[in-house]
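The structure appears below as structure tokens.
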Amino acid sequence: MRFLTAGESHGPALTVILEGCPAGLDLSPADIDRHLARRQKGFGRGARQRIEEDRVQILSGVRHGQTLGSPISLMIPNRDHRAWSRTMAVESIEGPADRTVTLPRPGHADLAGALKYDRHDARDILERASARETAARVAAGAVARRLLEEAGISIVSCVVGIGPVEVAGPVAYDDCLQQDENLPMPDPEARARAILEIEAAGERGDTLGGKILVIAAGVPPGLGSHVQWDRKLDARLALHFMSIQSVKAVEVGDGVAVSASSGKNAHDAILYSPEAGFHHPTNRAGGVEGGVTNGGEIRVAAYLKPLATLMEPLPSVDLNTKATGKAQIERSDVCAVPAAAVIGEAAMALCLSEVLQEKFGGDSLGELLQNLRAYRDQVRRF
């Protein structure tokens with residue numbers, strides 16, 4: 001399973017090509033649209049989400065409600081493009097370009113991208129670097145999620161930190177269910193405080209980051225591998241999560257806490273019973289040991305920096321005149337952490353679907369599930 005996304009924030013559409021999905025998987029636009037809608041929600045989101053109404057168009061790879069085994073192409077139109085058609089025109093235009101960006105925003109890709117690609121209008125960079133691209137990834141992740149559901153794997157998420165506010169105590173899988181999608185924090189007291197922090201940040205022209213937690217349950221042992229660096233599942237999870245805009249750190253299991261602990265308190269004891277087979281009473285490893293799933297829940301936390309677009313901008317330097325000034329303002333959010341939780345679910349789904357198919361193969365869903373059932377039986381009999 002592999003995918004590529006394309007499209008600019010204010011271009012005509014975002015597109016995805018997803019290859020490797022087996023034939024015979026039930027799939028409809030509604031399976032994708034519900035996650036696109038979740039991504040658009042969230043306390044602290046900006047005006048763009050009131051303009052867009054993300055709906056997917058499945059262009060290929062699905063017939064009569066089932067995947068064909070051929071590449072799946074998806075398109076999400078950008079409604080806001082109607083107001084940006086000249087700015088984002090493909091063909092040459094007469095006269096000067098409009099909505100140019102020459103005062104790059106600290107913390108964004110504006111300056112680094114302009115230097116790399118030799119562009120003197122950062123609009124050429126920020127349109128693709130924008131987190132709007134994650135709508136395409138959520139669409140691809142929704143397809144991967146359908147495959148995982150057939151394999152008995154489920155994924156949930158929640159927000160465990162906003163700015164200085166953190167959820168108290170450990171968070172279980174069930175804590176992530178039945179939450180307010182606008183700010184899915186499982187601790188009501190922390191949620192109330194987080195709302196106040198977001199409101200205060202907006203009033204002072206500032207932004208807030210935070211921390212999300214994504215959990216996958218029902219994952220069989222043996223996905224990933226210890227034999228090469230690029231096959232280790234925790235490394236691949238880190239790649240998927242770190243590629244989400246604004247994510248600056250990723251943690252698998254209790255990785256940060258155990259780094260300050262002793263070995264006796266850092267690892268998970270191994271138990272055995274005829275009913276449960278080999279299992280662990282704790283899950284400090286986050287379901288991954290030696291780059292391989294161990295049968296426990298996969299737990300990944302991602303830390304997001306505050307958004308780079310500030311209504312009270314930081315100092316910057318003009319790309320062309322080299323004059324100092326304030327960084328330009330692009331329409332943005334105060335806090336996008338709740339949306340990041342949905343995007344994190346897509347990252348988890350895409351990564352796990354990759355290793356699931358590597359392990360069990362199959363050009364059809366039936367073949368893959370048959371191989372999975374045989375393997376689960378083998379593990380139970382071990």
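Annotations for the structure displayed:
- Asn182, sole failed condition from (1) over 22 Å from Arg137 (Cβ atoms); (2) modelled with pLDDT under 95; (3) of a type outside the set (Gly, Ala, Ser): (1)
- Restricting Phe382, Phe360 to those that are among the aromatic types (Phe, Trp, Tyr), farther than 30 Å from Asp80 by Cβ, touching a residue at least 12 places away in the same chain (Cβ under 8 Å) and loosely packed, with under 15 Cβ neighbours inside 10 Å reduces the list to Phe382.
- Residues that are of a type outside the set (Ser, Thr, Tyr) and surrounded by fewer than 16 Cβ atoms within 10 Å (Cβ to Cβ) within the stretch 56-70 comprise Gln57, Leu59, Arg63, His64, Gly65, Gln66, listed in sequence order.
- Selection count where residues are part of a loop (DSSP other than H, G, I, E, B) and either crowded, with 22+ Cβ neighbours inside 10 Å or of a type in the set (Gly, Ala, Ser) (or both), scope the stretch 11-42: 8
- Of the residues making up the stretch 78-128, those that are without any contact (Cβ under 8 Å) to a residue 40 or more places away in the chain, under 18 Å from Thr321 (Cβ atoms), surrounded by 11 or more Cβ atoms within 10 Å (Cβ to Cβ) and of a type outside the set (D, E, K, R) number 3.
- Answer residue from the stretch 260-278, given it is touching a strand residue (DSSP E or B) at 6+ places or on another chain (Cβ under 8 Å) and outside any loop (DSSP other than H, G, I, E, B) and is farthest from Arg381 (Cα to Cα) among those: Leu271
- Of all the criteria given as (1) touching a Phe, Trp or Tyr at 6+ places or on another chain (Cβ under 9 Å); (2) surrounded by fewer than 21 Cβ atoms within 10 Å (Cβ to Cβ); (3) within 23 Å of Ala192 (Cβ to Cβ); (4) of a type outside the set (Asp, Glu), the one not satisfied by Ser154 is (3).
- Screening the stretch 44-67 for residues that are part of a strand (DSSP E or B) and touching a residue at least 24 places away in the same chain (Cβ under 8 Å) and picking the one that is nearest to Glu181 (Cα to Cα) gives Gln57.
- Given (1) under 23 Å from Phe382 (Cβ atoms); (2) not in a strand (DSSP E or B), index of the condition Ala216 fails: (2)
- Residue in the stretch 201-209 that is acidic (Asp, Glu) and either at pLDDT below 95 or part of a helix (DSSP H, G or I) (or both) present: yes
The values are calculated or read from the model by the stated rules, or taken from the named source; none is laboratory data. Source: prediction; values computed, not measured. Glycine gets a Cβ as well: all are built from the backbone with ideal geometry, and neighbour counts include every protein chain shown.
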